[in-house]
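A.B. asks: Okay, here's the structure, questions in a sec.
The values are calculated or read from the model by the stated rules, or taken from the named source; none is laboratory data. What you see is a predicted model; the values in this text were computed from it and never measured. Cβ placement follows ideal geometry from the backbone for every residue including glycine, while neighbour counts extend to all protein chains displayed.
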Amino acid sequence: MKTRRVLLVTLCTLILIAPVGSRAQTAREVPRIALIAINAPVGKITEGGAPVWSALLEEIGRLGYVEGRNLIIDRHSAAGKKDAYTTIAAQVVATKPALVVARGARPLLKALLAATQTIPIVSVFPVDPAMLGIVGSLVRPGGNLTGPVADAGAGLDGKRLQLLHELVPSAARVGYLYRRAQWNDPFAASARDAARKLGITLVPSLSDGLVDEHQYAEIFAGMRADRVAAVLGPALPETLKYRTTIAARALDAKLRGPVKRCVNELRRRPSHRP
């Protein structure tokens with residue numbers, strides 16, 4: 001919810017400032033924005049449609065913008081086809097919108113950045129966009145791309161492990177839910193480095209791809225056999241999707257750490273299924 005609010009504030013701010021920018025619009029011009037979905041059909045980019053777009057459009061309306069009266073909205077969807085990104089980017093830029101809002105697929109954002117260096121582009125990033133090669137850095141991103149970052153930098157897993165150690169200093173062996181193909185990436189390297197400095201044995205539980213909800217029973221049985229005392233779950237799509245299951249399995253396996261403190265709250269909430 002916080003990420004969504006940041007996106008909405010960023011969007012609405014840009015809508016307000018865009019008319020006085022370098023394109024020198026007159027006071028009578030109606031601002032135009034473009035909304036680009038990766039998978040959702042155009043018909044879902046509406047209030048009451050896909051949740052993220054519905055929330056966005058509701059907030060725009062709350063701020064006094066009415067489509068067809070003082071705002072023009074162009075909707076585009078790649079319909080899951082990556083080869084459509086370049087075509088969509090060209091179509092969007094040709095209409096000269098004051099702002100583009102696009103879901104955070106790197107190929108789509110790269111296509112937009114290749115098509116324009118001046119039109120503001122807003123997105124939400126699951127990881128540091130500098131790591132994706134689409135901005136210079138988080139501190140000085142440069143260019144015309146902006147938006148909130150959900151997982152700000154490769155050092156975050158190391159920070160998470162430090163926090164877990166502060167909460168459960170007696171946990172000498174910590175399980176780490178990650179993917180085998182990504183075990184040598186900067187995020188896992190950060191966790192391994194923090195573990196060495198803290199004197200913790202990091203016990204990886206490496207999957208070969210997306211983990212099904214029912215596979216966590218086997219994963220946590222293995223952790224218990226490995227005498228793991230706590231578990232670290234990085235922000236992978238499956239760990240976010242099945243966070244309630246992970247919390248419950250960790251508690252059942254008698255693993256300690258932050259999970260024990262939040263599991264009751266998570267059990268009261270419905271699982272998020274993106």
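A.B. asks: I'd like the full set of residues that are of a type in the set (A, V, I, L, M, F, W, C) and in contact with a strand residue (DSSP E or B) (Cβ under 6 Å, 6 or more places away or on another chain), limited to the range 41-57.
C.D. replies: Those that are of a type in the set (A, V, I, L, M, F, W, C) and in contact with a strand residue (DSSP E or B) (Cβ under 6 Å, 6 or more places away or on another chain): Val42, Ile45.
A.B. asks: A further question on this structure: Name the helices (runs of 4 or more DSSP H) wholly inside the range 82-190 in which the number of residues that are free of Cβ contacts under 8 Å to residues at least 12 places away in the same chain, more than 28 Å from Asn70 (Cβ to Cβ) and outside the structural domain of Ala34 (by TED's automatic domain parsing) is 1 or more.
C.D. replies: Hits in the range 82-190: 156-167.
A.B. asks: Go through (1) free of Cβ contacts under 8 Å to residues at least 24 places away in the same chain; (2) basic (Lys, Arg); (3) closer than 23 Å to Asp128 by Cα one by one and return the number of the condition Arg196 breaks.
C.D. replies: (3)
A.B. asks: Out of everything in the range 151-180 that is under 30 Å from Leu109 (Cα atoms) and surrounded by fewer than 16 Cβ atoms within 10 Å (Cβ to Cβ), what residue ends up being modelled with the lowest pLDDT?
C.D. replies: If we take residues in the range 151-180 being under 30 Å from Leu109 (Cα atoms) and surrounded by fewer than 16 Cβ atoms within 10 Å (Cβ to Cβ), then Ala152 is modelled with the lowest pLDDT.
A.B. asks: Then there's this: Looking only at helices (runs of 4 or more DSSP H) that lie completely in the range 191-274, which have at least 2 residues being modelled with pLDDT under 80?
C.D. replies: 237-241, 258-268
A.B. asks: Restricting the search to the range 79-93, which residues are among the polar types (S, T, N, Q) and crowded, with 16+ Cβ neighbours inside 10 Å?
C.D. replies: Thr86
A.B. asks: Sticking with this one: Quick check, is Ala94 out of contact with any strand residue (DSSP E or B) (no Cβ under 7 Å at 6 or more places or on another chain) and of a type outside the set (Val, Ile, Thr)?
C.D. replies: Criteria met by Ala94.
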